[in-house]
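Okay, so here's the structure we're looking at.
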Amino acid sequence: MNPPTSESAAHLITLLASIMLVLQLLLVVQRMLVANIRVFATQSLLLAAIAAVVGYAYHAPHVYVVAVLTLAGKVIFLPWWLERLVRQIKIEQEIDAFVNVPAAMLICGAQTVLAYIVARPITSLERLGNNTLAVAIALMLIGFFLMINRRKAITQVLALLTMENGVMLAAIALTTYGMPLVVEIGIFFDVVVAVMVLGILVFRIRETFASMDVSKLNELKW
Amino acid sequence: MNLDLPALLAQTALLLLMAPLLSGLIKNWKAKLQNRRGPRIWQPYFDVVKFLRKDMVISEHASWIFLVTPYVVFVTALSAGLMVPMITAHAPMSLFGGALALVGLLALGRFFLALGGLDPASAFGGMGSSREMTLSAIAEPAMMLAIFTVAIAAGSTNLSQIVLASHGPHWKFLDPSHALAFAAMFIVLLAETGRIPVDNPATHLELTMIHEAMLLEYSGRYLALIEWGASIKQLVLMSLLANIFFPVGLAADATPAAFGLGLLFLVAKLVLLAGAVVLVETTNAKLRLFRVPDLLSVAFMLGTLALVSTFLF
């Protein structure tokens with residue numbers, strides 16, 4: 001492992017991670033469901049690229065598996081599945097948010113700054129990428145906020161997926177060049193199955209209430 | 001560093017001659033991408049020449065502001081352009097000001113254009129002016145934050161210093177904060193040049209028009225000056241974006257070969273950027289006017305995050 005390679009690799013990883021952050025912020029403003037899904041697919045593609053760079057630069061072959069799994073699952077399969085779902089339920093237009101966009105942007109900005117501050121004591125120990133951990137925490141926080149902010153069930157699924165992207169980023173780029181392979185494969189299939197179950201659930205919600213608005217579920221109480 | 005007269009003249013000529021070509025290139029590519037044949041890329045030159053020969057119709061209610069606006073718009077765009085390093089790292093007028101002066105000059109031009117729209121008291125002009133001011137109130141801070149991010153990394157707000165600092169040891173090419181700032185700056189570029197998610201440059205027969213509404217009362221020579229000024233402003237912003245974020249290939253020494261190479265790199269960068277603008281314009285629909293501040297608030301937040309992240313790690 002010669003220093004120049006690992007330095008430029010760390011640089012590349014940080015750059016890709018910050019583009020992931022930009023895409024996450026775009027997800028907060030974008031209102032079209034299909035465009036949302038494509039932004040998520042692009043974000044996952046960047047995650048796969050980061051995994052590939054980590055695998056190449058730090059000679060960690062099992063990270064390649066993560067890259068391939070991410071590429072197959074989150075860049076190709078899940079977006080395809082979600083787009084099919086959107087076509088089936090025939091709602092592709094607006095997503096009602098609880099908070100308007102400028103306020104949501106302010107909240108996301110505050111969350112990102114919080115993530116930077118939280119990650120700061122750890123970054124001195126970090127071997128890879130300068131602020132990759134901060135970006136990963138920011139992805140999780142913004143994904144969490146996105147889940148709270150959006151009403152439509154399908155964007156909540158997307159928000160969950162972006163949170164998972166954040167977790168994966170932290171796992172790959174932070175400490176151990178990824179978790180043990182079994183754990184990674186486990187998490188991966190967990191997410192795929194969860195999304196498929198959620199997809200069926202979304203379809204059911206739509207059939208029962210003629211809407212994807214999860215606040216309609218409150219009617220079940222009475 | 002004294003004022004270099006040949007460089008000044010060369011960059012003025014470059015700005016004047018290249019700006020319409022860039023506009024024409026974007027129009028032509030956009031048409032090609034939409035399966036139309038489109039105007040030839042040198043059509044904007046013919047437009048300018050034709051407008052210059054036409055008579056002017058000026059409203060009898062118009063005051064001196066209306067008459068002075070075209071010159072102000074043209075001259076501010078041009079002098080802002082002289083502060084941006086284009087072919088060499090040394091901008092001809094970098095002695096007079098850096099990023100702040102550039103933003104100030106563009107704001108002055110915009111201020112007069114808005115006044116010129118209001119002055120003849122046509123209903124559309126007033127609407128265009130109020131919209132322009134509303135949007136620029138958010139777009140301008142976003143642009144300043146993005147430029148400051150780069151300025152902090154370089155330790156100077158002088159644009160030539162920023163470009164020169166890129167050769168220094170502390171410069172990190174495509175720093176994460178630069179990626180955020182670049183995204184912010186690109187959104188601002190779309191807003192400032194009246195591109196599609198914000199404004200439609202192809203029509204002046206739309207109720208939601210912004211830029212075109214302000215120049216609805218202008219004709220003849222004045223219209224030529226304003227249109228030319230607008231395309232110079234577009235060239236200035238695009239070469240600013242290209243050169244402060246990707247300062248590659250700028251001529252280091254004053255030999256003809258270096259200048260030629262610098263020109264080649266500048267053209268290549270502008271062509272790439274124009275391609276990106278064309279792609280965005282073709283793949284997006286125009287936003288509803290009340291949604292535009294949402295987009296610009298994203299740019300503002302990206303700029304803020306870029307600036308904050310330079311301090312936080």
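Just checking, does the range B:243-255 include any residue being in a helix (DSSP H, G or I), polar (S, T, N, Q) and either free of Cβ contacts under 8 Å to residues at least 40 places away in the same chain or touching a strand residue (DSSP E or B) at 6+ places or on another chain (Cβ under 8 Å) (or both)? Scanning the range B:243-255 turns up no residue that is in a helix (DSSP H, G or I), polar (S, T, N, Q) and either free of Cβ contacts under 8 Å to residues at least 40 places away in the same chain or touching a strand residue (DSSP E or B) at 6+ places or on another chain (Cβ under 8 Å) (or both). Taking (1) modelled with pLDDT under 80; (2) open to solvent by less than 20 Å² (accessible area, probe 1.4 Å) in turn, residue A:196 satisfies each apart from (2).
Mind checking whether some residue in the range B:28-44 is in a helix (DSSP H, G or I), among the aromatic types (Phe, Trp, Tyr) and within 17 Å of the chain's Cα centre (by Cα)? No, every residue in the range B:28-44 fails to be in a helix (DSSP H, G or I), among the aromatic types (Phe, Trp, Tyr) and within 17 Å of the chain's Cα centre (by Cα). Residues in the range B:87-108 that are over 16 Å from the mean Cα position of the chain (by Cα) and open to solvent by 20 Å² or more (accessible area, probe 1.4 Å): B:87, B:88, B:90, B:93, B:95, B:96. Being more than 14 Å from every other protein chain (Cβ to nearest Cβ), acidic (Asp, Glu), farther than 21 Å from residue B:130 by Cβ and open to solvent by 10 Å² or more (accessible area, probe 1.4 Å) is not true of residue B:206. For the range A:9-48, the set of residues classified as more than 10 Å from chain B (Cβ to nearest Cβ), open to solvent by less than 30 Å² (accessible area, probe 1.4 Å), more than 12 Å from the chain's Cα centre (by Cα) and within 15 Å of residue A:155 (Cβ to Cβ) consists of A:33 only. Among the residues of this structure, residue B:134 counts as one that is over 24 Å from residue A:22 (Cα atoms) and within 14 Å of another protein chain (Cβ to nearest Cβ). Residues to consider are B:244, B:187; find the one that is among the aliphatic types (A, V, I, L, M) and within 14 Å of another protein chain (Cβ to nearest Cβ). Matching residue, one of B:244, B:187: B:187.
Selection of the range A:84-115 for residues being at pLDDT 85 or above, more than 10 Å from chain B (Cβ to nearest Cβ) and open to solvent by less than 40 Å² (accessible area, probe 1.4 Å) yields only A:111.
Looking only at the range B:299-313, residues that are of a type in the set (A, V, I, L, M), surrounded by fewer than 24 Cβ atoms within 10 Å (Cβ to Cβ) and facing chain A (nearest Cβ under 8 Å) come to 2 in all.
Selection of the range B:273-296 for residues being within 11 Å of chain A (Cβ to nearest Cβ) and modelled with pLDDT of 90 or more yields only B:296. Test residue B:214 against the stated conditions and say whether it is crowded, with 24+ Cβ neighbours inside 10 Å and over 17 Å from the mean Cα position of the chain (by Cα). Spelling it out, residue B:214 is indeed crowded, with 24+ Cβ neighbours inside 10 Å and over 17 Å from the mean Cα position of the chain (by Cα). Note on the range B:33-89: residues that are of a type in the set (S, T, N, Q) and farther than 25 Å from residue B:267 by Cβ amount to 4.
Of all residues in the range B:197-212, at least one satisfies being in contact (Cβ under 8 Å) with a residue 60 or more places away in the chain and more than 26 Å from residue B:115 (Cβ to Cβ). Screening the candidates B:268, B:230, B:258 for the property of being open to solvent by less than 30 Å² (accessible area, probe 1.4 Å) and either assigned to a helix (DSSP H, G or I) or among the acidic types (Asp, Glu) (or both) yields one hit, B:258. Among residues of the range B:60-77 that are in a loop (DSSP other than H, G, I, E, B), those with a Cβ under 7 angstrom from a residue that is open to solvent by 30 Å² or more (accessible area, probe 1.4 Å), sequence gap 6+ or separate chain, pair up as B:61/B:121; B:62/B:119; B:63/B:119.
The values are calculated or read from the model by the stated rules, or taken from the named source; none is laboratory data. The shown structure was predicted, so the numbers you read here are calculated from the model rather than taken from an experiment. When we count neighbours, we look across all protein chains shown, and the Cβ atoms used for this are built from the backbone with ideal geometry, even at glycine. Only protein heavy atoms, including side chains, enter the accessible area calculation; ligands, DNA and RNA are left aside. Shrake-Rupley method; radii C 1.70, N 1.55, O 1.52, S 1.80 Å.
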